[in-house]
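Before any comments, here is the structure.
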Amino acid sequence: MAVVMGPWIVLVLLLACLLSVSMEARVRHYKFNVVMKNATRLCSTKPIVTVNGKFPGPTIYAREDDTVLIKVVNHVKYNVSIHWHGVRQLRTGWADGPAYITQCPIQPGQAYVYNFTLTGQRGTLWWHAHILWLRATVHGALVILPKLGVPYPFPKPHMEQVIILGEWWKSDTEAVINEALKSGLAPNVSDAHTINGFSGPVQGCSSQEGFKLEAEPGKTYLLRIINAALNEELFFKIAGHQFTVVEVDAVYTKPFKTNTITIAPGQTTNVLLTTNQATGKYLVAASPFMDAAILVDNTTATATLHYSGTLSSTVTTLTALPPKNATPVATSFTDSLRSLNSKEFPSKVPLEIDHSLFFTISLGVNPCPTCVNGSRVVADINNVSFVMPKISLLQAHFFNISGVFTDDFPAKPPVVYNFTGTQPTNFATTNGTRLYRLAYNSTVQIVLQDTGMITPENHPIHLHGFNFFVVGRGIGNFNSKKNPKNFNLVDPVERNTVGVPAGGWTAIRFRADNPGVWFMHCHLEIHTTWGLKMAFVVDNGKGPNESLLPPPSDLPKC
């Protein structure tokens with residue numbers, strides 16, 4: 001007997017079907033045309049490499065569990081690759097982006113489609129070029145919204161605003177690094193810092209306007225702050241206002257209030273800003289943090305928080321910025337970060353460790369007959385300056401191509417000494433393309449120890465393919481008997497990029513649940529260029545769901 005449904009039942013079923021489809025994950029398509037564009041900053045004009053003619057580049061918007069397809073077409077003379085910074089890339093290492101690590105670069109006139117799914121992630125990440133120094137102008141935000149119907153674990157903001165902090169050179173950045181490599185010396189520092197691509201008025205160019213953040217009084221705004229600078233950690237402040245920090249590196253945190261944010265290259269920080277001051281204009285500022293004897297760009301980038309209804313003639317309220325060596329300000333911010341560790345967002349910190357690694361992070365000096373002093377500055381992990389291969393490490397791993405890399409990266413430094421005290425007289429490093437091999441699902445602890453070799457310095461270390469928990473940090477030499485007793489194994493902050501303090505150490509833990517080859521490097525671009533990098537090779541687990549997918553047919557060729 002046929003069942004006859006009334007029209008209202010049909011309508012209800014149709015609406016239910018449409019609703020279930022809309023709640024499902026979507027496929028999002030983007031096209032990135034990498035093109036040259038003239039840009040005028042600091043009262044001078046130069047051609048820069050951009051995506052779609054924009055600096056900073058376009059923001060990618062998606063929701064948790066969406067699949068993103070981005071076709072990158074290279075119209076410039078440089079080889080290009082794009083890294084989706086902080087995206088886990090579960091089994092899709094071919095889309096991670098670092099040149100010669102997971103792919104050969106996209107050659108001039110060629111294209112490549114990056115295809116990945118945003119599994120279990122939501123928050124602010126970003127994308128940037130991962131070859132040469134193109135990241136200086138080739139970068140943008142990647143905003144992952146929660147699934148439809150899932151609220152933020154904090155009050156819903158009135159509006160959201162992406163804030164990208166960067167650096168600007170009057171010279172061509174590729175010429176800057178090429179000259180440094182030729183001489184063997186450090187490169188010239190940038191000429192200005194930027195907020196959303198603009199420095200604001202600076203010495204010698206007072207006509208340079210800054211970014212204007214429009215706001216209504218009595219509202220709460222979510223600021224998605226990204227440090228895209230090549231080489232400098234930054235302080236970020238808004239005159240007369242406090243921030244409530246609610247997320248870092250696309251992981252929710254226990255909210256805390258601060259008037260100054262510390263953010264290293266590669267890191268992202270989401271804050272709530274409530275416009276609870278009198279109608280007016282308020283200075284927004286980004287200034288450098290450097291607590292070592294190293295030359296930095298000492299200019300402050302400025303923008304304006306502009307309350308609606310404020311007259312253009314209104315004087316901007318100013319703010320006092322921390323000194324560039326304000327270590328207590330930076331430390332206070334870092335020490336306040338804790339994972340939310342709620343029922344919905346638990347902190348799954350590995351308690352049992354399979355691989356306990358100790359990595360010293362150093363500068364060094366190697367012979368260079370053609371360089372200015374007959375030597376060149378290099379950087380290393382466990383005294384190994386990483387040598388980039390000629391084809392991608394992931395291809396060599398997947399296709400079992402011998403002679404590209406070895407899997408004997410040292411688990412500890414070759415020589416133990418007083419790392420933050422008197423240094424050895426021999427500054428030379430070894431060179432090699434050496435990886436560290438991990439079994440699928442094994443647990444890893446890495447103690448990252450800064451040294452005083454040449455100079456102690458804060459190093460923001462970024463791990464591709466994983467988030468990790470920052471279980472401890474301290475000044476001086478790590479003590480393997482005493483320091484682990486004070487590790488936070490309850491609610492440590494979860495990140496993809498962490499600062500190793502100058503003359504100190506940071507301990508991180510993660511689970512190797514993502515097969516492939518995963519880069520780990522300092523996010524100070526000069527240190528990566530000098531060799532402060534290595535990679536993990538994570539073997540497949542059991543069955544297809546724990547195995548690396550095969551490469552796509554359009555994977556670029558070297």
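Odds and ends about this structure:
- The 3J(HN,Hα) values that the Karplus relation (6.51, -1.76, 1.60; θ = phi - 60°) gives for region 281-295 are, in residue order, 10, 10, 5, 10, 9, 10, 10, x, 10, 8, 10, 10, 7, 10, 5 Hz. Gly and Pro appear as x.
- Leu213 accessible area, assembled protein chains, probe 1.4 Å, Å²: 10 Å²
- Between region 257-332 and region 133-178, the C-alpha centres lie 17 angstrom from each other.
- Accessible area per residue, Å², region 224-332 with all protein chains present, probe 1.4 Å: 34 Å²
- Structure note, pairs Lys46/Lys77; Lys31/Lys54; Lys212/Lys254; Lys348/Lys533: Cα-Cα distances above 21 angstrom occur for Lys212/Lys254; Lys348/Lys533.
- For region 442-558, accessible area per residue (1.4 Å probe, heavy atoms of protein chains only), Å²: 31 Å²
- Label point at Gln242 placed 7 Å out along Cα→Cβ; residues across region 275-303 whose backbone nitrogen lies under 16 Å: 275-278
- Placing a label point 7 Å from the Cα of Asn52 along the Cα-to-Cβ direction, the residues of region 114-143 whose backbone N falls under 16 Å from that point are 114, 126-129, 138-143.
- Segment Phe427-Lys212, extension gain: residue separation times 0.36 nm, minus the distance between their alpha carbons: 72.7 nm
- Extension gain, Thr45 to Leu145, is 32.4 nm, computed as 0.36 nm per intervening residue step minus the present C-alpha separation.
- Estimated FRET transfer efficiency when R0 is 25 angstrom, pair Asn441-Lys482 (beta carbons, to 0.05): 0.25
- Estimated inter-spin distance, Ala25 and His75, nm [label 7 Å along Cα→Cβ]: 3.2 nm
- Multiplying the residue separation of Gln203 and Ile475 by 0.36 nm and subtracting their alpha-carbon distance yields 94.3 nm.
- Portion, in percent, of the accessible area of the chain that falls on carbon or sulfur, probe 1.4 Å: 56 percent
The values are calculated or read from the model by the stated rules, or taken from the named source; none is laboratory data. Quick caveat, the model's predicted, so the values are computed rather than measured. Note that we place each Cβ from the backbone using ideal geometry, even for glycine, and neighbour counts take in every protein chain shown. Accessible surface areas use protein heavy atoms only, side chains included; no ligands, DNA or RNA. Shrake-Rupley method; radii C 1.70, N 1.55, O 1.52, S 1.80 Å.
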